[in-house]
């Protein structure tokens with residue numbers, strides 16, 4: 001798989017969902033299995049210690065409350081950082097949201113998102 005890399009701005013204390021399209025080597029849309037397990041981690045740039053475990057799920061498009069697709073067969077995932085988690089991020093620092101899939105005991109990184117933390121707005 002090609003590793004998806006992108007960046008997102010996040011304010012401390014805000015909830016962030018990051019939908020991503022993954023690709024196979026050569027640029028074709030990735031396809032995964034429904035039994036594959038997703039996980040996510042946030043690491044500080046240049047840090048050797050995990051900042052926190054985030055969440056990852058298959059992207060599911062809904063219309064009128066009905067699921068219209070599953071993300072695994074389109075290679076689409078969503079990384080999620082909760083408000084409580086982002087509140088621990090230091091303003092102006094950079095962090096990486098890394099998304100992994102596990103299948104048959106093998107763990108593979110499928111996406112990396114640079115989280116650029118913004119200064120909080122003055123009250």
Does residue 115 fit the bill of being surrounded by 13 or more Cβ atoms within 10 Å (Cβ to Cβ), touching a residue at least 60 places away in the same chain (Cβ under 8 Å) and not in a strand (DSSP E or B)?
-> no
If we keep only residues of the stretch 53-71 that are in contact (Cβ under 8 Å) with a residue 40 or more places away in the chain and touching a helix residue (DSSP H, G or I) at 6+ places or on another chain (Cβ under 8 Å), then the residue nearest to residue 97 (Cα to Cα) is 54
Out of 89, 97, sole residue that is out of contact with any helix residue (DSSP H, G or I) (no Cβ under 8 Å at 6 or more places or on another chain), surrounded by 15 or more Cβ atoms within 10 Å (Cβ to Cβ) and not in a strand (DSSP E or B) = 89
Select from the stretch 6-32 the residues that are at pLDDT 90 or above, exposed (fewer than 15 other Cβ atoms within 10 Å of the Cβ) and in contact with a helix residue (DSSP H, G or I) (Cβ under 8 Å, 6 or more places away or on another chain) and list them in ascending order.
-> 13, 15
Look through 51, 60 and report the one residue that is assigned to a loop (DSSP other than H, G, I, E, B) and within 15 Å of the chain's Cα centre (by Cα).
-> 60
If we scan the stretch 55-73, do we find a residue that is farther than 15 Å from residue 18 by Cβ, in contact with a strand residue (DSSP E or B) (Cβ under 9 Å, 6 or more places away or on another chain) and surrounded by 20 or more Cβ atoms within 10 Å (Cβ to Cβ)?
-> yes
Only one of (1) under 24 Å from residue 10 (Cβ atoms); (2) touching a strand residue (DSSP E or B) at 6+ places or on another chain (Cβ under 8 Å); (3) in contact (Cβ under 8 Å) with a residue 12 or more places away in the chain fails for residue 50. Which number is that?
-> (3)
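The values are calculated or read from the model by the stated rules, or taken from the named source; none is laboratory data. No experiment lies behind these values; they were computed from the predicted model shown. All Cβ positions, even for glycine, are placed from backbone atoms using ideal geometry, and neighbour counts span all protein chains on display.
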